[in-house]
1. Confirm whether residue 245 is in contact with a Gly (Cβ under 9 Å, 6 or more places away or on another chain) and of a type in the set (Val, Ile, Thr).
2. Just one of 173, 212, 273, 239 is under 19 Å from residue 310 (Cβ atoms) and surrounded by fewer than 18 Cβ atoms within 10 Å (Cβ to Cβ); which is it?
3. Tell me yes or no: at least one residue of region 133-143 is away from the ligand (no atom under 16 Å from the Cβ) and more than 25 Å from residue 9 (Cα to Cα).
4. Give 147, 163 a once-over and let me know the one that is over 30 Å from residue 297 (Cα atoms), away from the ligand (no atom under 16 Å from the Cβ) and buried (at least 23 other Cβ atoms within 10 Å of the Cβ).
5. Looking at region 31-45, I want the residues that are under 16 Å from residue 160 (Cβ atoms) and have a partner that is assigned to a helix (DSSP H, G or I) and not small (Gly, Ala, Ser) with Cβ atoms under 7 Å, at least 6 apart or on another chain. Which pairs are those?
6. Only one of (1) aliphatic (A, V, I, L, M); (2) within 15 Å of the ligand (Cβ to nearest atom); (3) buried (at least 24 other Cβ atoms within 10 Å of the Cβ) fails for residue 83. Which number is that?
7. Tell me the strands (runs of 3 or more DSSP E) entirely within region 328-396 that contain at least 1 residues that are surrounded by 22 or more Cβ atoms within 10 Å (Cβ to Cβ) and among the β-branched types (Val, Ile, Thr).
Amino acid sequence: MTTAAQTTATLSAGVEPLLQRLVRINTVNSNITGIAKSEAPLAAELESLARGMGFETRRMPVPGQCDNLLVTHRCGAGKPWLLFESHMDTVSIEGMCIAPTGAELRDGKIWGRGSCDTKGTGAAMLFALGRYAAGDAAGDAKPNNIAIAFTVDEEIGMTGVRALIRTGLPSLDFKPRGVIVGEPTRLRPIVAHNGAVRWRVVTRGVAAHSADPSKGRSAIRAMTRVIDAIESRYIARLDARDAMTGKAQCSINMIRGGSQINIIPAECEIRIDRRVVPGEDPQRVLPDVEAVLKELKAADPTLEAEQELLFSAPPLSQRHNGALLAEVQSTLGKLGLPIEPLGVPFATDAGDLDAAGIPAIVIGPGDIAQAHTKDEWLEVDQLHRGVELYLALMHG
Ligand SMILES: [Zn+2]
């Protein structure tokens with residue numbers, strides 16, 4: 001088939017079979033399964049689909065992971081670039097009560113892991129780009145050059161978007177003026193969300209036979225004081241708040257300590273999750289808690305406690321996305337969709353884009369309520385509206 005015939009065939013089949021093809025490929029995040037480069041088969045499928053539709057593609061390396069895939073449609077030198085982004089990985093399929101990769105079309109929905117979060121947005125973006133490009137023949141004005149980044153590892157490490165920012169985008173001969181991040185938002189524009197910082201605190205003691213505890217020093221006892229101090233002197237005093245995303249949050253959610261019932265424990269560990277609101281600096285979190293630990297250590301020089309950062313994702317603020325929002329709102333208005341911007345508590349790839357000074361708005365078909373569920377689905381009606389919205393955004 002020629003490229004033109006292939007594009008026509010893809011477009012006339014509709015966006016449903018495209019989404020079904022993507023859902024049939026299992027892409028549970030590599031950090032969950034231990035299987036390396038879990039997105040690779042989907043990246044290959046998207047690459048061959050995009051090439052078949054006449055688009056340029058390029059792989060962008062992500063250290064330790066499958067490559068990100070960039071699809072580009074260049075329709076005029078000097079025209080501004082708009083970037084769309086959608087992650088290819090999904091959460092686990094464990095405990096699902098439907099066939100995770102069945103991609104069944106039933107009751108006006110497409111069922112399967114990733115249908116909603118977020119292969120639906122990826123399918124809608126690629127399908128919309130096919131229509132945008134095909135519009136050429138009809139003499140459609142095409143004001144924007146368009147790129148779609150299909151990224152890896154959003155659900156766990158966010159290494160895909162970070163590599164895109166650090167090495168992928170700087171390697172291009174263009175700079176996108178904004179990024180439309182695809183996540184299920186029921187087509188409402190998300191302009192702000194919280195970030196997350198996760199870390200561990202380890203206390204150390206001295207192991208001894210429990211027949212004579214005085215010969216040892218309990219790391220668990222030390223940890224009870226650390227927990228008490230973090231709860232009362234750090235968590236209780238958090239007061240940062242954002243009008244759109246709510247209040248700063250912090251909770252100690254895991255504990256592990258000791259090695260045997262008759263040994264004074266030499267080590268104890270807790271894991272803490274902190275939600276930072278827009279305007280807060282994630283890099284301030286550990287130093288602030290360190291100050292609390294320092295006070296404890298000053299009062300008791302035998303106390304040994306140290307922190308280690310496990311994960312940090314910046315919040316999405318409204319510092320950079322004002323102009324992009326105005327554009328998205330104008331498009332939403334033309335389509336008769338609600339234009340009021342929202343904030344959400346969950347983190348997305350948009351936080352890192354914002355932290356890098358790149359304007360980003362999160363918007364896409366489907367509802368976050370169906371993401372990560374045991375019977376994940378996406379309404380076909382939402383999928384169609386997603387295509388119309390992304391196409392209209394491409395037309396500007
Ligand atoms: Zn997602």
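1. Numbers: in contact with a Gly (Cβ under 9 Å, 6 or more places away or on another chain): yes; of a type in the set (Val, Ile, Thr): yes.
Yes.
2. Values: 173 fails: under 19 Å from residue 310 (Cβ atoms); 212 fails: under 19 Å from residue 310 (Cβ atoms); 239 fails: under 19 Å from residue 310 (Cβ atoms).
Testing whether each residue is under 19 Å from residue 310 (Cβ atoms) and surrounded by fewer than 18 Cβ atoms within 10 Å (Cβ to Cβ) leaves just 273.
3. Of region 133-143, the ones away from the ligand (no atom under 16 Å from the Cβ) are 133-143.
Filter once more, keeping what is more than 25 Å from residue 9 (Cα to Cα): 143.
Within region 133-143, one or more residues are away from the ligand (no atom under 16 Å from the Cβ) and more than 25 Å from residue 9 (Cα to Cα).
4. On the way: 163 fails: buried (at least 23 other Cβ atoms within 10 Å of the Cβ).
Every option except 147 fails the conditions.
5. 42/22
6. The failed condition is (2).
7. Values: elements: 342-344, 360-362, 377-379.
Strands (runs of 3 or more DSSP E) meeting the threshold: 360-362.
So that you can scan it fast, the table gives a plain yes or no per residue for (1) within 16 Å of the ligand (Cβ to nearest atom); (2) buried (at least 18 other Cβ atoms within 10 Å of the Cβ); (3) assigned by TED's automatic domain parsing to the domain that holds residue 41; (4) under 27 Å from residue 159 (Cβ atoms):
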{"position": "89", "(1), (2), (3), (4)": "yes, yes, yes, yes"}
{"position": "97", "(1), (2), (3), (4)": "no, no, yes, no"}
{"position": "109", "(1), (2), (3), (4)": "no, yes, yes, no"}
{"position": "118", "(1), (2), (3), (4)": "yes, yes, yes, yes"}
{"position": "122", "(1), (2), (3), (4)": "yes, yes, yes, yes"}
{"position": "130", "(1), (2), (3), (4)": "no, yes, yes, no"}
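The values are calculated or read from the model by the stated rules, or taken from the named source; none is laboratory data. For clarity, every value in this text was computed on a predicted model and none was experimentally measured. Every residue, glycine as well, gets a Cβ built from its backbone with ideal geometry; the counts of neighbours run over all protein chains shown.
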